[in-house]
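S.K.: Just passing along the structure, written as C-alpha cells.
The values are calculated or read from the model by the stated rules, or taken from the named source; none is laboratory data. None of the values given here were measured: they were computed from a predicted structure. Please note: Cβ atoms are built from the backbone with ideal geometry, for glycine as well, and neighbour counts cover all protein chains shown.
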Amino acid sequence: MSEYRPDPASRESAVQRVLVGVRALNDALDRMHSGVKDDMGMNATDLATLRMLIIREQQGQPVSPHDIARHLRISTASTTKLLDRLAAAGYLERRPHPHDRRARVIALLPASRTAFFAHYRESLGAMRDVAGTYSDADLDVVARFLDGLADAVAAHDG
C-alpha cells in the first residue's frame, strides 16, 4: 500500500480556502462588534474590555487592572480612565481580590452582563445553530484548528 501524498497545488488551494473563510468570519465579527459598540454607546476599547471580562468570567479567572492594560496594550493611566468610565456607566466595579486583599479585581455588574448578552444573543444563537450541524468529531477538529490559529496569532502579536 502506498503512502498518501497530497497534491501540493490542491493542498495550497484548500489552505487558501480556509484562510479566506477565517478572514470572512473576522470581517463578520468586526461588523457584529461594531454594531454592539454603537448600540451600547461604547468605543472599541470599552467593548474589548467587556468581552475580555466575559471570557475570563466564564473561565473562572479573576481580572486585574494590570491584566486589562496588558490585554489592550494600553498604559496603566489609560486603564484607570477606562475603568473609571465603565464603572461610572454602570458596567463594572472594582472589588477586593479574593486572595490578596491589597489588590483589586474587575467584575462585571449583572445589568452589563445582561445587556451584553442581549446584544449578542441572536448572533451567538446563529453560530450555535451552525455548529450544531457538525458531528462531535468535526467540532473537535474545528476547535483544535481555531485554538491553533489563536495560539499562532498570539505568538506573533508582538
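S.K.: I'd like the full set of residues that are over 13 Å from the mean Cα position of the chain (by Cα), within 26 Å of residue 88 (Cα to Cα) and among the aliphatic types (A, V, I, L, M), limited to region 19-51.
M.R.: 36, 40, 42
S.K.: If you take the residues of region 121-146 that are surrounded by 11 or more Cβ atoms within 10 Å (Cβ to Cβ) and charged (D, E, K, R), which of them is nearest to the chain's Cα centre (by Cα)?
M.R.: 140
S.K.: While we're looking at this one, here's another question. Here are 50, 86: which of them is under 29 Å from residue 109 (Cα atoms) and touching an Asp or Glu at 6+ places or on another chain (Cβ under 7 Å)? First the steps, then the outcome.
M.R.: Working: 50 fails: touching an Asp or Glu at 6+ places or on another chain (Cβ under 7 Å).
Criteria check complete, one pass: 86.
S.K.: What is the residue count in region 108-141 for residues that are more than 20 Å from residue 36 (Cα to Cα) and not in a helix (DSSP H, G or I)?
M.R.: We begin by selecting, within region 108-141, every residue more than 20 Å from residue 36 (Cα to Cα); these are 129-141.
Subsequent filtering for residues that are not in a helix (DSSP H, G or I) retains 132-135.
Adding up the residues that qualify gives 4.
S.K.: Name the residue, out of 33, 66, 71, that is modelled with pLDDT under 90 and either under 23 Å from residue 157 (Cα atoms) or not in a helix (DSSP H, G or I) (or both). Talk me through it step by step, then tell me what you get.
M.R.: Working: 66 fails: modelled with pLDDT under 90; 71 fails: modelled with pLDDT under 90.
None of the others qualify; the one that does is 33.
S.K.: How about region 118-144: which of its residues are in contact (Cβ under 8 Å) with a residue 12 or more places away in the chain and of a type outside the set (S, T, N, Q)? Steps first, answer last, please.
M.R.: Restricting attention to region 118-144, the residues satisfying the condition of being in contact (Cβ under 8 Å) with a residue 12 or more places away in the chain are 119-120, 123.
Answer for region 118-144, where residues must be in contact (Cβ under 8 Å) with a residue 12 or more places away in the chain and of a type outside the set (S, T, N, Q): 119, 120.
Here is a yes/no grid of residues against (1) farther than 30 Å from residue 25 by Cα; (2) surrounded by fewer than 12 Cβ atoms within 10 Å (Cβ to Cβ); (3) in the same structural domain as residue 62 (by TED's automatic domain parsing); (4) not charged (D, E, K, R):
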| site | (1), (2), (3), (4) |
| --- | --- |
| 80 | yes, no, yes, yes |
| 94 | yes, no, yes, no |
| 100 | yes, yes, yes, no |
| 104 | yes, no, yes, no |
| 114 | no, yes, no, yes |
| 119 | no, no, no, yes |
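S.K.: Hey, another quick one. Taking only pairs six or more apart or across chains, which ones have beta-carbon atoms under 9 Å, a first residue in region 58-78 that is closer than 23 Å to residue 113 by Cβ, and a second residue that is among the acidic types (Asp, Glu)?
M.R.: Taking only residues 6 or more apart or on different chains, the pairs are 61/67; 63/57.
S.K.: Determine, yes or no, whether residue 45 is among the polar types (S, T, N, Q) and modelled with pLDDT of 95 or more.
M.R.: Working: among the polar types (S, T, N, Q): yes; modelled with pLDDT of 95 or more: no.
No: the conditions fail for residue 45.
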